[in-house]
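Here is the structure we will look at, set down as structure tokens.
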Amino acid sequence: GVQPGFKNKYVDSLADLCGFSTEPVKLGQVAQTKEVSEAVVAVPFFQVDGTRKFFSLPKSDIERAKEAIKTETVPGVVDARQHGTGQSVIDMVRKMQKFVMPPSMDFVKYSDIDPFAMYIFDFKHVFSKKDLADMWQNLPPTIGRSFEEAEAVISHPLLAKELLGGGAVINDGLFDVSAKGPEFNTEIQWMIFKAKQKAKTNYFDKVITKKGTTSDTSGVTLEGVTTATIGTDPTITYNWPYDFFSLVELVKLDAEVSLGNFPKAANPEILEDMTVPLPKATRQRTVVEAAKPVSIDSVISATNLLNPNNSGGNNSSGGNSGPGGGFTGGGGINNP
């Protein structure tokens, strides 16, 4: 309120007028945990007369992947065959929405950019309550004094609907789930960089909880706000706190392809139902699942080491999948 000596008929307490509580309250408390993510992006390409060529994807596949993500009832779980695209394409689009991509490569956000295949490896770390309290007091968390080794793997069949496949095949409204992709390019190379997790930049994401909702309002357009007042692109802003620390420091990337034979169908009807309409009926989904090709897998793994001041030992592993053998990539960091 206003000090009694200054209070008169022209001056009064705004808190009293608005009915604000004057009881002292705690501004906040340390959370139990906090999960943070950082991505390693591997972009496959090949050289043609000294020029880099990426593995292009149709814009229609990206749009179908975005629609598929919108229909998720459980985060990260979606039936790709229901939406006319491959699971690896949907996973790529989902991660592009989670991480900050270079504007010249963000074809999910900017529709005028031609899409191409990218492998996005998501590495995560969970800070404990003590870690958060230490950082609040300007002390390093546990991971700042040690290191962890982690592995991320992306695997998919080399079919037209998946990454490196050139795009899903849909004829007369029918999605060919078993359409083969182009011949595999053995001269493949990799362009690798890191991507930071997207931070919430909408102020109302913090204060809206007082009104009884915790929904993400970052996509809400505010009335009376123009690009002249907040810049040409309001979605490009400070990415605090993710741009102010580094989670992944060292990476080793392994990429291999395993070859095999298509399994023989139990009866001719299965092969006939390999081409299914969109959306598919339950019977057709069951048949397609029974004849799902498992012959060719493209498996990519990345291993990261957290903390720039340490390095661990070598770590590799292998395994078999599919009738013709397989590969589960491994990686590690060699001590000098």
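The values are calculated or read from the model by the stated rules, or taken from the named source; none is laboratory data. All values derive from a computational prediction rather than experimental measurement. Ideal geometry is used to build each Cβ from the backbone, glycine not excepted, and the neighbour counts take in all protein chains shown.
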So if I check each of 68, 80, 117, which one is surrounded by 17 or more Cβ atoms within 10 Å (Cβ to Cβ), at pLDDT 95 or above and closer than 21 Å to residue 163 by Cβ? 117
Here are some residues: 100, 93. Which one is surrounded by 16 or more Cβ atoms within 10 Å (Cβ to Cβ) and closer than 14 Å to residue 59 by Cα? 93
From 36, 30, which residue is among the β-branched types (Val, Ile, Thr), closer than 30 Å to residue 240 by Cα and in contact with a His (Cβ under 8 Å, 6 or more places away or on another chain)? 36
Residue in the stretch 67-121 that is nearest to residue 178 (Cα to Cα), counting only those that are free of Cβ contacts under 8 Å to residues at least 40 places away in the same chain and part of a strand (DSSP E or B): 77
Answer with yes or no whether residue 52 is charged (D, E, K, R), modelled with pLDDT under 95, touching a strand residue (DSSP E or B) at 6+ places or on another chain (Cβ under 9 Å) and part of a helix (DSSP H, G or I). no
Does residue 41 qualify as being at pLDDT below 85, of a type in the set (Val, Ile, Thr) and outside any helix (DSSP H, G or I)? no
Residue count for the stretch 222-257, restricted to those that are among the β-branched types (Val, Ile, Thr), at pLDDT below 65 and not in a loop (DSSP other than H, G, I, E, B): 3
Inspect the stretch 107-127 for any residue being touching a Phe, Trp or Tyr at 6+ places or on another chain (Cβ under 7 Å), of a type in the set (Gly, Ala, Ser) and within 15 Å of residue 41 (Cβ to Cβ) and give the result as yes or no. yes
Which of the numbered conditions does residue 97 fail, given that it passes all the others? Conditions: (1) modelled with pLDDT under 95; (2) over 12 Å from the mean Cα position of the chain (by Cα). (2)
Which of the residues spanning the stretch 185-204 are surrounded by fewer than 14 Cβ atoms within 10 Å (Cβ to Cβ) and in contact (Cβ under 8 Å) with a residue 24 or more places away in the chain? 185, 187, 189, 190, 191, 192, 193
Quick check: anything in the stretch 129-139 surrounded by 17 or more Cβ atoms within 10 Å (Cβ to Cβ) and assigned to a strand (DSSP E or B)? no
Of the residues in the stretch 140-154 that are in a strand (DSSP E or B) and buried (at least 18 other Cβ atoms within 10 Å of the Cβ), the one that is farthest from the chain's Cα centre (by Cα) is 151
If I filter the stretch 1-19 down to residues being out of contact with any helix residue (DSSP H, G or I) (no Cβ under 8 Å at 6 or more places or on another chain), outside any helix (DSSP H, G or I) and not charged (D, E, K, R), which single residue comes out as modelled with the highest pLDDT? 19
Kindly evaluate residue 85 against the criterion of being surrounded by fewer than 21 Cβ atoms within 10 Å (Cβ to Cβ), among the β-branched types (Val, Ile, Thr) and over 12 Å from the mean Cα position of the chain (by Cα). no
Residue satisfying all of: in the stretch 155-183; outside any loop (DSSP other than H, G, I, E, B) and of a type in the set (A, V, I, L, M); surrounded by the most Cβ atoms within 10 Å (Cβ to Cβ) among these: 159
